Amino acid sequence: LAGKIFHMSHNPRRMLTIATVFVAALSVGAAFRSPVHFAQTTASEPRYEIVVSKGVMVTMRDGVRLATDVYRPAVNGNPVPGKFPVILERTPYNKNGIEGWARYFVPRGYVAVGQDVRGRYASDGAWRPHRDDVNDGFDTAKWIGEQAWCDGNIGTVGGSYTGGTQHALAISNSPYLKTMIPVDAMSDYGRYGIRHNGAFELRWLNWILNVGGPEGSRPSRDPAVREILQKLGGQVREYAKGLPLRRGTTPLRLIPDYEAWLVEAMSHGDNDDFWKNMGASVVDHIPEYKDIPVYLVGGWYDSWGAQTANLNFVELSKAKKGPIRLIMGPWTHGGQQQSFSGDAEFGPDAAIDFNALRLRWFDRWLKGFDNEIERKAPVRIFVMGGGDAHKTAEGRIFVGGDWRDEHEWPLARARVTPYYLHADGSLGDTKPSEGTASTHYLFDPRHPVPTIGGNVSSEGILMSRGAADQRCRADWWS
């Protein structure tokens, strides 16, 4: 579907960025429409308190120790005896961040485990994006399964980079791993996400300068280094204009692992071994990928949506018994509990109770509850459109939309419609006739056309995410 522009019925009157990779399938009929909710016939109820063991150092096969927090069910301040299923998140964004979801699941009879990946925050070792997560994930899962509080069943959560650590865990065929919910997950980097059909996605320049380097890198633990690195985020536009990046010429030399990765990533335009064996390229490691129930979560406006739906769901569904499930909402990166994307509002049904969805999945595959979730349609998509384009109180355009259950992806009944540019600047489904006037466009790489909205994340001040008015204006950087 990539590379086409498709018709979408009932579009609002204002020009909006749309996720063109998927729109062909979304413009088809209204079969299988139903409201989105995840009512449960049987569900774990909150009954426990929580006790936390912070900073447990777990040793990997090469001796490197990774900082790990363990949240356990408790009564009267004491851990409950016995074994429980475990939910794990391995993250580069500080293991303290798992407290939010841990406070939902632990009282319901789960152990929550959060771990800083190698070289990040409190963990030892050097950071190499996902390259060590196959072995480290395997060793961590083995350690968890051998603990007295684990019943031998591990599920995983997390989005973006931590979605990638889940894929790495599956590629390692980790022991005790029983199910996963990768959300907006990094994967297949040499195809989309870091290199996009060969082009480097500049948002990764911002990730290194503004997200990964200043916070969580080992050198940034030095306050003086951190102060220097924290200034980089405000200068990312200047660094983007000054590419190519040369080693040792910017403050990135203070975090050499990050500088080395960025320079190397910008030098590999093909989907070569650098990308295929980086650690979480799912489609390049289908045979190794553990055959377990996997619920893939993505968004039409997410930076990782193309591989979530068009690559990983398609290939895993063909190769694995699973079950493999997919939900695609009208969301930007991590926006599952929001009803809008950029300038577009889709209505309250667009947001989901994400914890309830995850609880139902884990209750089924980690506790064996018969809640029938595996008998639901394998694909659930939000079809954008149908709204009246009124302005909401927040200033967004009401696009509207509906949820729809499907039994395949891509949809066999989808109709691809080619659109053509005409000399008067219009776009239509009729092909210009021979001899008609033409128009042209000159591209100057020294003055590129800016990305206005779309399927991006980790963008900082380089760009914005979600649906956006496509008319250039002074406040857009270019």
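Overview of values
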{"read-out": "Tabulated pairs, segment 120-133, first more than 18 Å from residue 61 (Cβ to Cβ), second surrounded by fewer than 24 Cβ atoms within 10 Å (Cβ to Cβ) and aliphatic (A, V, I, L, M), C-beta under 8 angstrom, 6+ apart or interchain", "value": "121/67; 122/67"}
{"read-out": "Residues (part of a loop (DSSP other than H, G, I, E, B), under 38 Å from the mean Cα position of the chain (by Cα) and under 19 Å from residue 471 (Cβ atoms)) located in segment 423-442", "value": "425, 426, 441"}
{"read-out": "Residue in segment 241-256 that is surrounded by fewer than 22 Cβ atoms within 10 Å (Cβ to Cβ) and touching a residue at least 60 places away in the same chain (Cβ under 8 Å) present", "value": "no"}
{"read-out": "Scan of segment 444-459 for residues that are part of a loop (DSSP other than H, G, I, E, B) and open to solvent by less than 40 Å² (accessible area, probe 1.4 Å), ordered by number", "value": "450, 452, 453, 456, 457, 458, 459"}
{"read-out": "Per-region count, segment 149-172, residues more than 18 Å from the chain's Cα centre (by Cα) and closer than 14 Å to residue 136 by Cβ", "value": "1"}
{"read-out": "Exclusive hit being open to solvent by 30 Å² or more (accessible area, probe 1.4 Å), under 29 Å from residue 336 (Cα atoms) and at pLDDT 85 or above, set 382, 398", "value": "398"}
{"read-out": "Filtered residues of segment 160-182 (kept if open to solvent by 10 Å² or more (accessible area, probe 1.4 Å) and over 13 Å from residue 280 (Cα atoms))", "value": "175, 176, 178"}
{"read-out": "Number of the condition not met by residue 275 [criteria: (1) farther than 26 Å from residue 373 by Cα; (2) open to solvent by less than 30 Å² (accessible area, probe 1.4 Å); (3) over 19 Å from the mean Cα position of the chain (by Cα)]", "value": "(3)"}
{"read-out": "Leading residue by the ranking (nearest to residue 142 (Cα to Cα)) among those in segment 91-131 that are charged (D, E, K, R) and open to solvent by less than 10 Å² (accessible area, probe 1.4 Å)", "value": "116"}
{"read-out": "Among residues of segment 139-153, those that are open to solvent by 20 Å² or more (accessible area, probe 1.4 Å) and not in a helix (DSSP H, G or I), counted", "value": "6"}
{"read-out": "In segment 200-219, residue nearest to the chain's Cα centre (by Cα) [restricted to those that are closer than 14 Å to residue 245 by Cα and in a helix (DSSP H, G or I)]", "value": "204"}
{"read-out": "Filter pass, residue 317 being exposed (fewer than 14 other Cβ atoms within 10 Å of the Cβ) and among the small types (Gly, Ala, Ser)", "value": "no"}
{"read-out": "Residue satisfying all of: in segment 192-229; at pLDDT 90 or above and polar (S, T, N, Q); surrounded by the most Cβ atoms within 10 Å (Cβ to Cβ) among these", "value": "206"}
{"read-out": "Scan of segment 396-426 for residues that are under 16 Å from residue 347 (Cβ atoms) and either free of Cβ contacts under 8 Å to residues at least 12 places away in the same chain or among the β-branched types (Val, Ile, Thr) (or both), ordered by number", "value": "397, 399"}
{"read-out": "Matching residues in segment 238-274 - criterion: being in a loop (DSSP other than H, G, I, E, B), in contact with a Leu (Cβ under 9 Å, 6 or more places away or on another chain) and within 20 Å of residue 189 (Cβ to Cβ)", "value": "243, 245, 266"}
{"read-out": "Selected residue (only one of 189, 239, 176 is in contact with a Cys (Cβ under 9 Å, 6 or more places away or on another chain) and either within 25 Å of residue 453 (Cβ to Cβ) or at pLDDT 95 or above (or both))", "value": "176"}
{"read-out": "Subset of segment 402-422 [in a loop (DSSP other than H, G, I, E, B) and out of contact with any Lys or Arg (no Cβ under 9 Å at 6 or more places or on another chain)]", "value": "407, 408, 409, 410, 411, 412, 413, 414, 415, 422"}
{"read-out": "Candidates 347, 334 - the one that is in contact (Cβ under 8 Å) with a residue 60 or more places away in the chain and surrounded by fewer than 21 Cβ atoms within 10 Å (Cβ to Cβ)", "value": "334"}
{"read-out": "All positions within segment 61-87 that are polar (S, T, N, Q) and within 30 Å of residue 216 (Cα to Cα)", "value": "68"}
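The values are calculated or read from the model by the stated rules, or taken from the named source; none is laboratory data. The structure presented is a predicted model; accordingly, all values stated were derived computationally and were not measured. Neighbour counts run over all protein chains shown; Cβ positions are idealised from the backbone, glycine included. What goes into the accessible areas is simple: the full protein's heavy atoms, side chains included, and nothing from ligands, DNA or RNA. Shrake-Rupley method; radii C 1.70, N 1.55, O 1.52, S 1.80 Å.
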